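This report refers to the structure that appears directly beneath it.
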Amino acid sequence: MAKYFGTDGFRGEANKGLTVEHAFKIGRFLGYYYRNQRRRCQVVIGKDTRRSSYMLEFALTAGLTASGADAYLLHVTTTPSVSYVVRTDDFDCGIMISASHNPFYDNGIKLFNSRGEKMDDTVITEIERYLDGEIPEVPLATGKDIGRASDYSAGRNRYIGYLISLAVHSFKGKRIGLDCANGSAFTVAKSVFDALGAKTYVINQKPDGYNINTACGSTHIEGLVSLVREEQLDCGFAFDGDADRCIAVDENAEVVDGDKILYICGSYLKETGKLDKNTVVTTVMSNLGLYKAFDELGISYEKTAVGDKYVYECMNEHSYILGGENSGHIIFSNYANTGDGIITALKIMQVICAKKTTLSQLCKGMTVYPQILKNVRVTDKNAVLNDTDVQNAVKAAEEALGTDGRVLVRPSGTEPLLRIMTEAKTKELCEKYIEDIEKVVREKGFVLE
């Protein structure tokens, strides 16, 4: 794991873990690094609705232009729109300022290469060396070589047009709820669904800089569930702060998570003969019920580490077209090089319209095993994982569950948390084995009270 950049960029509390100086230096290095490869480096920048995103945008822009790069500003937009614009408009790289589903006081810097993919590890390593002073200060541009910043909101508008073009059915007559999480989706989602003929009911579309992800969006689905139930909608879609995730709600106000979405889209692609290599990429956090459902359909699957970065790497290496996480990061590689919440919603609607059925009916072939995830704040994630007593507690739980459940203990990539997940035939069994493992972690003195 890199020192500053995790699986989803450089993330931390604004001006504490991630400072304006960090942003300036990242801009300085990227402008210099890519200037060595072409005469004038061009970088596109997007941001979410956090108050600190403006500060970081200006710092990155100052760093880029000081190193001789031109910065093109998409302003408030989604993470997948930055990926799209980078790869379609011949930019050297792209930057998204967002901490995704984190609270407003956190922020992050996500970097994309010229193909709209997560930035190459070799470049990330060099950036970190520069941040730590292991690389000499890069030269400042002077005279006519100094860069400039330009408005590029037209790029976001083209992305909206691209999303609309992906739909193969009209949504006329469909009543759809959208939860924009007071984040980036508020600039995009409603325009797309309105253009396709849907009657949209939108909540959490009034960001104030502080309310992003606050009791709303894909991590707080209760608001969308209530909206679908009260308005008797056909379905609803909730996005996270930067709209690279999507969680759905069916007409019965039941939640449809990322695993169910993979089942719906994977089985439809299989049925229509379009599931290349007959394989769907999942992570180790996917529900056991998904694998059993895929087994019944004869669909193969891969399992990666948690993180859409790893899902995409596996997909790219083997030319798979569908993969994702139960958190709602779903990648359709024929259409995007990163998770895209709005594309996910459009693809779900495509299946609903093509099969002339409801979202609840599409989920019926998959039985979800109870799954509980508990986050335990710890002093040292690696020490916990390497502790013999903790390892024995995990092994004992695994042996007791056998083939009817599983246990997964892993560190958070962005916080001092140990994530303990259990899956079994009953919720009671899940709770029991989580308690058994947490008890050992606590007894060994690893828990931060």
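Looking only at the stretch 406-449, residues that are closer than 30 Å to residue 14 by Cα and either of a type in the set (A, V, I, L, M, F, W, C) or within 29 Å of the chain's Cα centre (by Cα) (or both) come to 16 in all.
Condition check ((1) among the aliphatic types (A, V, I, L, M); (2) modelled with pLDDT under 95; (3) surrounded by fewer than 18 Cβ atoms within 10 Å (Cβ to Cβ); (4) out of contact with any strand residue (DSSP E or B) (no Cβ under 9 Å at 6 or more places or on another chain)) across all residues:
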site: 152; (1), (2), (3), (4): no, no, no, no
site: 156; (1), (2), (3), (4): no, no, no, no
site: 173; (1), (2), (3), (4): no, no, yes, no
site: 177; (1), (2), (3), (4): no, no, no, no
site: 194; (1), (2), (3), (4): no, no, yes, no
site: 199; (1), (2), (3), (4): no, no, yes, no
site: 221; (1), (2), (3), (4): yes, no, no, no
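In the set 7, 78, only one residue is under 23 Å from the mean Cα position of the chain (by Cα), modelled with pLDDT of 95 or more, β-branched (Val, Ile, Thr) and under 30 Å from residue 410 (Cα atoms); that residue is 78. Here residue 29 fulfils each of the conditions (1) aromatic (Phe, Trp, Tyr); (2) modelled with pLDDT under 95; (3) surrounded by 20 or more Cβ atoms within 10 Å (Cβ to Cβ) apart from (2).
Here's the yes/no breakdown for (1) among the hydrophobic types (A, V, I, L, M, F, W, C); (2) touching a Gly at 6+ places or on another chain (Cβ under 7 Å):
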| site | (1), (2) |
| --- | --- |
| 262 | yes, yes |
| 273 | no, no |
| 281 | yes, yes |
| 287 | no, no |
| 297 | yes, no |
| 301 | no, no |
| 319 | no, no |
| 325 | no, yes |
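Each residue in the stretch 252-304 was checked for being touching a residue at least 40 places away in the same chain (Cβ under 8 Å) and either assigned to a helix (DSSP H, G or I) or small (Gly, Ala, Ser) (or both), and 22 pass.
Among the criteria (1) in contact (Cβ under 8 Å) with a residue 12 or more places away in the chain; (2) surrounded by fewer than 19 Cβ atoms within 10 Å (Cβ to Cβ), the one residue 11 does not fulfil is (2).
Of the residues making up the stretch 117-158, those that are among the aliphatic types (A, V, I, L, M) and part of a helix (DSSP H, G or I) are 123, 124, 127, 131, 154. Those strands (runs of 3 or more DSSP E) of the stretch 1-101 in which at least 1 residues are of a type in the set (S, T, N, Q), considering only elements entirely within it, cover 42-47.
Looking only at residues in the stretch 366-405 that are closer than 17 Å to residue 289 by Cβ and surrounded by fewer than 14 Cβ atoms within 10 Å (Cβ to Cβ), the one that is nearest to the chain's Cα centre (by Cα) is 367.
The values are calculated or read from the model by the stated rules, or taken from the named source; none is laboratory data. Predicted model only: the values in this text are computed from it and were never measured. Glycine also receives a Cβ, built like all others from the backbone with ideal geometry; neighbour counts cover every protein chain displayed.
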